[in-house]
């Protein structure tokens with residue numbers, strides 16, 4: 001099934017970025033709650049929140065991969081000594 005394959009791929013990418021995430025139901029609405037932290041000695045940056053799934057888990061995870069990747073790249077650049 002294409003959807004299951006996409007979810008596995010996005011899960012792999014999120015793991016590689018260090019993103020912790022989980023699917024939860026909030027007031028009957030499925031959301032992906034997430035958090036990722038970039039750390040260097042003495043400093044860190046964290047990106048966290050929740051994304052509405054809106055019936056499309058692969059789409060929500062794809063959006064999260066893109067935004068988390070941009071956050072991690074920017075944070076690593078900004079936190080360089």
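No value in this document is a laboratory result; all are computed from the given coordinates. None of these values were measured; they are calculated from a predicted model. Cβ placement follows ideal geometry from the backbone for every residue including glycine, while neighbour counts extend to all protein chains displayed.
Going by alpha carbons, how many degrees (0 to 90, nearest 10) lie between the helix axis of 2-17 and the longest principal axis of the chain? On a 0 to 90 degree scale, this one is about 20. Computed from Cα atoms, the angle from the helix 57-78 axis to the main principal axis of the chain rounds to 0 degrees. Using the Cβ-Cβ distance between residue 22 and residue 80 with R0 = 41 Å, the FRET efficiency computed as 1/(1 + (r/R0)^6) comes to roughly 0.85.
Compactness of the chain, taken as the C-alpha radius of gyration over 2.2 N^0.38 Å, stands at 1.18. With the simple model of a label 7 Å out from the Cα in the direction of the Cβ, residue 5 to residue 56 spans 1.9 nm.
The modelled label-to-label distance between residue 70 and residue 44, using points 7 Å beyond Cα along the C-beta direction, is 2.4 nm.
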